[in-house]
Amino acid sequence: MKLSRPVSWFLLAFGVWSWFIWITFAKNLWQDGSGLAFDDAGHPTAYFWVHLLLAIASFLLGTAIGVIGFRGLRALAGDRTGAPGTSGAPDAADAPGSPDGLAAPASRGGRGAA
């Protein structure tokens, strides 16, 4: 499956945005002085652990989405520049017809004709 250029750029931008947002969030959570993230003794609270796990999961998902976007852009650039193994033409498997990519024989008209 190939992604379009706008979709690939969107996914890559989303990945970069995730890195910025969730790393900033984790830093702010670590430096929290409101009493939500750490109790009076300085130990992490349930609020801290839940939000840290949320940030880690979101960071990892954003990274995966960004990688998909990057790979989509790289595949499009490879098609455009004629990188080895890419001709820019559809693969034989994309050709209409049977699953092996070969075109189905043309019908000679009439019933039962082979």
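The values are calculated or read from the model by the stated rules, or taken from the named source; none is laboratory data. Predicted model only: the values in this text are computed from it and were never measured. Methodologically, a virtual Cβ is constructed for each residue, glycine included, from the backbone with ideal geometry; neighbour enumeration extends over all protein chains shown. Surface accessibility is based on the protein's heavy atoms, side chains included, excluding ligands, DNA and RNA. Shrake-Rupley method; radii C 1.70, N 1.55, O 1.52, S 1.80 Å.
Just need the relative contact order of the range 25-78 here, percent rounded to a whole number, with Cα pairs under 8 Å and 6+ apart.
The normalised contact order for the range 25-78 reaches 24 percent.
For the ranges 33-42, 56-65, what's the packing order if you count other beta-carbon atoms within 10 Å of each residue, average per peptide, and put the highest first?
56-65, 33-42
Pull up all non-local amide H partners of PHE38: gap of 5 or more, or a different chain, and H-to-H distance under 5 Å with H placed in the peptide plane.
Those qualifying (amide H under 5 Å, at least 5 residues apart or on another chain) are THR45.
So what does VAL16 come to for accessible area, using a 1.4 Å probe and Å² rounded to 10?
About 90 Å², rounded to the nearest 10.
Measuring from a point 7 Å past the Cα of LEU76 along Cα-to-C-beta, which residues in the range 7-33 have an amide N at less than 18 Å?
7-17
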